[in-house]
Amino acid sequence: MKKYFLALLIIYSKSAFSQADMSVPWAMFHACEKHCGMYPSKDYPHFGSTKWKFSTKGKIFSTPAVFEGVAYIGSEDKNLYAVDVATGKERWRFTTEGAVHSSPAVYKDVVYFGSYDGFYYALDKITGKLKWKFQTGGEKHFGQPGLWGMQPSQQFMDDPFDFYLSSPVINMDDNDLKVYFGSSDGNLYALDAESGKLSWKYQTNGIIHTTPTIYEGKVFIGSWDTYMYALDAKSGKEIWKFKTGDQPEVHQLEGIQASATVDVDENSIYFGARDAYFYALDLATGKLKWKFFNDNSWVLSTAGVKDGSVYFGTSDQYNLISLDAKTGKLNWKFKANGYVYSSPALAGNTLFFGDFTGKLFALDMKSGMPTDVFTTKSRNKNAGTVLNSDQLDFAYMTKGLDLSLYITTTAGMNKLYSLGSILSSPVVNNGVIYFGSADGNLYAINLKN
């Protein structure tokens, strides 16, 4: 079995998986309650019944962390929730002063997450009581006046496709326990995970909404300044940085929103960017190995890697793509019905991901052929009036409105969200798949052979 070290927090827990679901050694220290791409599981290529759904009062972009019988999830309603996975009932909630678009991380007895109120929090995972909070320089959406040439040109416009905050990652060294996260103030922070005191910070020249990746004493982080950085995890000293492309003819103001994935066997780090390329870099030096052009589509999703293939989603082309991890050559691509910003979950021989139209797909990883699809209730209700022949078509959706106006873009996005868009990345645990939706629900769907 190959070992892959992937972007978001990976939780240490021997008890997290049943014997039926766990047979791989890396699960002992890289168990995937929170999205990390690859899950030790039987092959479940089909969706079964809905086990439960838990309703919040805001859109969910956060990815759930499922740990010791509890699913932790953030919502735009400013709360972090702890939900019992057996019943779908709330155990507790913690209220912040901002939307919770950061995905929670769980280590031992603590849950870590960030909020748009400018704080990163550590809570007792049993009670939800505050242990500490740390104030950043402020969290915000990326934006600028007259974004992408929209009118009115002097109006400041939030980027409607800047969905996530950086999610915390723990280094899991009990002798030097640190939590790492990026911030809209441009810094990567390293804090003492037990006290919340600052150990160090590293300043980039752009917003950081990506999630750090930690491997062998290095922290990898991408920034809106178009660079991927490798830093020393103890000191924050820069080891290398790699600049992605500037392609204003494709999209204005490129940057990195996708988090990095490390492949030990190929000695590579993978990530996508807004310049429409997906990159493979040498892990030690940051030198380019190969890059793959995605037909002018952004890559916001974090890649999953398994058995010599790398998988990721794209924006405008609506594709889920599989490449040869060594060469970057195309294995296959599957077209969904809308933007793909949900990161893939790999379980058994099946790949799961959601799209912006409220569909959750199950694909065969080898062929890219669909084995099943789940649709949100909101999609079932609204697709007929929002979509064009079941496909996302922004011009069709906003017909009669002036596409040059920012207000048209925001109106179009709200119509899309009415489908129950799936931007949360799915998590597979004990034969159940968990994911959040823009309809405000955390879903738990049974899987079956």
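The values are calculated or read from the model by the stated rules, or taken from the named source; none is laboratory data. On a predicted model such as this, the values are computed, not experimentally measured, just so you know. Cβ sites come from the backbone with ideal geometry, for glycine too, and all protein chains shown count toward neighbours.
In region 48-58, is there at least one residue being in a loop (DSSP other than H, G, I, E, B) and not β-branched (Val, Ile, Thr)? There is at least one residue in region 48-58 that is in a loop (DSSP other than H, G, I, E, B) and not β-branched (Val, Ile, Thr).
Every condition in (1) of a type in the set (Phe, Trp, Tyr); (2) free of Cβ contacts under 8 Å to residues at least 60 places away in the same chain; (3) farther than 24 Å from Ala345 by Cβ holds for Tyr72 except the one numbered (3). Residues that are more than 20 Å from Asp355 (Cβ to Cβ), modelled with pLDDT under 95 and out of contact with any helix residue (DSSP H, G or I) (no Cβ under 6 Å at 6 or more places or on another chain) number at least 1 in the following strands (runs of 3 or more DSSP E) confined to region 268-310: 304-306. Only one entry in Asp225, Asp185, Asp232 is surrounded by fewer than 23 Cβ atoms within 10 Å (Cβ to Cβ) and closer than 21 Å to Ser62 by Cβ, namely Asp185.
Remark: Ala82 falls outside the filter, which requires a residue to be buried (at least 19 other Cβ atoms within 10 Å of the Cβ) and in contact with a Ser or Thr (Cβ under 8 Å, 6 or more places away or on another chain).
Among the residues of region 282-296, some residue qualifies, meaning at least one is within 24 Å of Val219 (Cβ to Cβ), in contact with a Lys or Arg (Cβ under 7 Å, 6 or more places away or on another chain) and surrounded by fewer than 24 Cβ atoms within 10 Å (Cβ to Cβ). I'd like the residue in region 421-449 that is surrounded by fewer than 18 Cβ atoms within 10 Å (Cβ to Cβ) and not in a loop (DSSP other than H, G, I, E, B) and, out of all such residues, is farthest from the chain's Cα centre (by Cα). Filtering region 421-449 for residues that are surrounded by fewer than 18 Cβ atoms within 10 Å (Cβ to Cβ) and not in a loop (DSSP other than H, G, I, E, B), the one farthest from the chain's Cα centre (by Cα) comes out as Lys448.
So that you can scan it fast, the table gives a plain yes or no per residue for (1) at pLDDT 95 or above; (2) in contact with a Lys or Arg (Cβ under 8 Å, 6 or more places away or on another chain); (3) buried (at least 22 other Cβ atoms within 10 Å of the Cβ); (4) under 28 Å from Gly354 (Cα atoms):
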position	(1), (2), (3), (4)
His46	yes, yes, no, yes
Thr50	yes, no, no, yes
Gly58	yes, yes, no, yes
Lys78	yes, no, no, yes
Ala86	yes, no, no, yes
Trp92	yes, no, no, yes
Gly98	yes, yes, no, yes
Phe119	yes, yes, no, no
Ile126	yes, no, no, no
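Residues that are assigned to a loop (DSSP other than H, G, I, E, B) and either modelled with pLDDT of 95 or more or touching a helix residue (DSSP H, G or I) at 6+ places or on another chain (Cβ under 6 Å) (or both) within region 138-152 comprise Gly138, Glu139, Lys140, His141, Met150, Pro152, listed in sequence order.
Taking region 188-209 as the range and being crowded, with 22+ Cβ neighbours inside 10 Å and within 20 Å of Asp117 (Cβ to Cβ) as the test, the residues that pass are Leu188, Tyr189, Leu191, Ile207, Ile208, His209.
Every residue, every condition in (1) farther than 30 Å from Asp176 by Cβ; (2) more than 16 Å from the chain's Cα centre (by Cα), yes or no:
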site: Ser49; (1), (2): yes, yes
site: Pro64; (1), (2): no, no
site: Tyr72; (1), (2): no, no
site: Ser75; (1), (2): yes, no
site: Ala82; (1), (2): no, yes
site: Glu90; (1), (2): yes, yes
site: Phe94; (1), (2): no, yes
site: Pro104; (1), (2): no, no
site: Tyr107; (1), (2): no, yes
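When each of Gln247, Gln252 is tested for being touching a helix residue (DSSP H, G or I) at 6+ places or on another chain (Cβ under 6 Å) and either at pLDDT below 95 or aromatic (Phe, Trp, Tyr) (or both), the lone residue that passes is Gln252.
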